[in-house]
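Have a look at the structure below before the remarks.
The values are calculated or read from the model by the stated rules, or taken from the named source; none is laboratory data. Here the structure is a predicted model, which is why all the values come from computation and not from measurement. Quick reminder, even Gly has a Cβ in these numbers, built from the backbone with ideal geometry, and neighbours come from all protein chains shown.
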């Protein structure tokens, strides 16, 4: 059995590798391009990126954030996604320690959060949430609850219906009141996917956190934008953030809140 420190290093490197693949998905899926072929290339000059220039984070630093061929600046999003995925992989290992036979939970939540990272950055850049991620995600969440039972399968099923149904109802009411389209279908399917992986009990927490963070960050963005209230603020990244926070802290926060409301129980 590897020492835990080495397991952490392995989890970090594994997460970096997944993050590198997520960057491919984030760039190609909105363009409806294959995530398998062709090999990665510079978007500006088409220079095919060699393996030694495609090492997560390290290659970005060695190249000073520029293409080796044409010198075009490479977005900070690439190393940020890789580093975030590596750190999240480590954090999941700590929370769902493989030594305590919780590898299935580590595996499930790493897949789940990886999908959320991909969705969040795509929605932030393009204001779309690809069905190719959310719909298979709904199926995967329900499948894992049936096979691995990290949550009861009924909780997962209700989570799908509650998550998708609540946002769908909100979207309809918003459109009826304002005569404008509010949340898109992508947000509805995203919350259904979150419900599939985390169960229905996570839905109120995720909606509350995403609404609060969305109001604060979105409000600041509106004030700073020249377009004012016409600025489009994607809601997907905030739903993803709420779901990630629930994975790590949600149950503890809910238990703490319940203990305050009912100290005698």
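Would you be able to say whether some residue in the stretch 131-144 is closer than 18 Å to residue 81 by Cα, at pLDDT 95 or above, in contact with a helix residue (DSSP H, G or I) (Cβ under 9 Å, 6 or more places away or on another chain) and surrounded by 18 or more Cβ atoms within 10 Å (Cβ to Cβ)? Yes, the conditions are met somewhere in the stretch 131-144. Among the residues of the stretch 43-77, those that are farther than 18 Å from residue 17 by Cα and not in a loop (DSSP other than H, G, I, E, B) comprise 48, 66, 73.
For beta carbons closer than 7 Å, sequence separation of 6+ or different chains, a first residue in the stretch 109-137 that is farther than 24 Å from residue 91 by Cα and outside the structural domain of residue 197 (by TED's automatic domain parsing) and a second that is at pLDDT 95 or above and in a helix (DSSP H, G or I), there are no qualifying pairs.
Could you check, for the stretch 168-184, whether at least one of its residues is assigned by TED's automatic domain parsing to the domain that holds residue 245, surrounded by 18 or more Cβ atoms within 10 Å (Cβ to Cβ), without any contact (Cβ under 8 Å) to a residue 60 or more places away in the chain and under 12 Å from residue 243 (Cα atoms)? If you could, list the steps in order and put the result at the bottom.
The initial filter retains those residues of the stretch 168-184 that are assigned by TED's automatic domain parsing to the domain that holds residue 245, namely 168-184.
Still in the running and surrounded by 18 or more Cβ atoms within 10 Å (Cβ to Cβ): 183-184.
With the extra rule that they be without any contact (Cβ under 8 Å) to a residue 60 or more places away in the chain, the set shrinks to 183-184.
Narrowing further to those that are under 12 Å from residue 243 (Cα atoms): none.
Checked the stretch 168-184: no residue is assigned by TED's automatic domain parsing to the domain that holds residue 245, surrounded by 18 or more Cβ atoms within 10 Å (Cβ to Cβ), without any contact (Cβ under 8 Å) to a residue 60 or more places away in the chain and under 12 Å from residue 243 (Cα atoms).
Every condition in (1) modelled with pLDDT of 95 or more; (2) not assigned by TED's automatic domain parsing to the domain that holds residue 55 holds for residue 104 except the one numbered (1). For the stretch 73-81, the criterion of being over 30 Å from residue 156 (Cα atoms) and in contact with a strand residue (DSSP E or B) (Cβ under 9 Å, 6 or more places away or on another chain) is met by at least one residue. Among the residues of the stretch 187-206, the one identified as assigned to a loop (DSSP other than H, G, I, E, B) and buried (at least 24 other Cβ atoms within 10 Å of the Cβ) is 199.
Here residue 27 passes the criteria (1) over 21 Å from residue 130 (Cα atoms); (2) without any contact (Cβ under 8 Å) to a residue 40 or more places away in the chain; (3) crowded, with 18+ Cβ neighbours inside 10 Å except the one numbered (1). Among the conditions (1) in contact (Cβ under 8 Å) with a residue 12 or more places away in the chain; (2) surrounded by 13 or more Cβ atoms within 10 Å (Cβ to Cβ), the only one that residue 43 does not satisfy is (2). Would you check which residues across the stretch 125-135 are farther than 16 Å from residue 28 by Cβ and in a helix (DSSP H, G or I) and list them? The answer is 134, 135.
Within the option set 76, 61, being under 20 Å from residue 118 (Cβ atoms) and modelled with pLDDT of 90 or more holds for one residue only, 76. Among residues that are surrounded by fewer than 18 Cβ atoms within 10 Å (Cβ to Cβ) and touching a helix residue (DSSP H, G or I) at 6+ places or on another chain (Cβ under 8 Å), residue 89 is not included. Does any residue of the stretch 78-89 turn out to be in a helix (DSSP H, G or I), assigned by TED's automatic domain parsing to the domain that holds residue 211 and free of Cβ contacts under 8 Å to residues at least 40 places away in the same chain? Checking the stretch 78-89: not a single residue is in a helix (DSSP H, G or I), assigned by TED's automatic domain parsing to the domain that holds residue 211 and free of Cβ contacts under 8 Å to residues at least 40 places away in the same chain. Within the bounds of the stretch 4-15, is there any residue that is at pLDDT 95 or above, within 21 Å of the chain's Cα centre (by Cα) and surrounded by fewer than 16 Cβ atoms within 10 Å (Cβ to Cβ)? The answer is yes; a qualifying residue exists.
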